[in-house]
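K.L.:
Quick one: this structure, given as structure tokens, is what I'll be asking you about.
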Amino acid sequence: MADNWPIPAGLSKEGKEAAEVIRALLVEKGLTDHGGGGQFYTPQQWRDREEEYGLGSQLIITHDGGDHAAAFNPDYGDYALMEELRLRLDRANIYPEQCTSWYTAIYSR
């Protein structure tokens, strides 16, 4: 359900596009249960949390405890899903970079 993944206001054009691409993939694959730990953040929200990594990105997505984690964290072993997401983001000239085991930042190329 896309309602589980609201896109925050205040994102750049690239950040909003990345969130839309990610959300579409999650809905398509039935990976919308965020487990209470998954959501999108703007870079400003991330700074406000005083997080260390991903501050220069266009978007941050947390994935701790959600079924969507396999699209971001290689420890889940779903390399085909990770590659599919990477290719979709690449078409928008953006790319994911895992910062820790529980969140990933999305950057412009």
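For every residue, the table says whether it meets (1) under 17 Å from N4 (Cβ atoms); (2) open to solvent by 60 Å² or more (accessible area, probe 1.4 Å); (3) modelled with pLDDT under 95.
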{"position": "G37", "(1), (2), (3)": "yes, no, yes"}
{"position": "P43", "(1), (2), (3)": "no, no, no"}
{"position": "A80", "(1), (2), (3)": "no, yes, no"}
{"position": "E84", "(1), (2), (3)": "no, no, no"}
{"position": "N93", "(1), (2), (3)": "no, yes, no"}
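K.L.:
Here's a follow-up. Out of the residues in segment 11-35 that are part of a loop (DSSP other than H, G, I, E, B) and either modelled with pLDDT of 95 or more or among the β-branched types (V, I, T) (or both), state the one that is surrounded by the fewest Cβ atoms within 10 Å (Cβ to Cβ).
P.N.:
S12
K.L.:
Right, next: Hey, S57 hits all of (1) at pLDDT 95 or above; (2) surrounded by fewer than 21 Cβ atoms within 10 Å (Cβ to Cβ); (3) outside any helix (DSSP H, G or I) but one; which does it fall short on?
P.N.:
(2)
The values are calculated or read from the model by the stated rules, or taken from the named source; none is laboratory data. Please read all numbers here as calculations on a predicted model, not as lab measurements. No Cβ is skipped: glycine too gets one built from the backbone with ideal geometry, and neighbour counts run over all protein chains shown. Please note that ligands, DNA and RNA were not included when accessible areas were found on the heavy atoms of the full protein model with its side chains. Shrake-Rupley method; radii C 1.70, N 1.55, O 1.52, S 1.80 Å.
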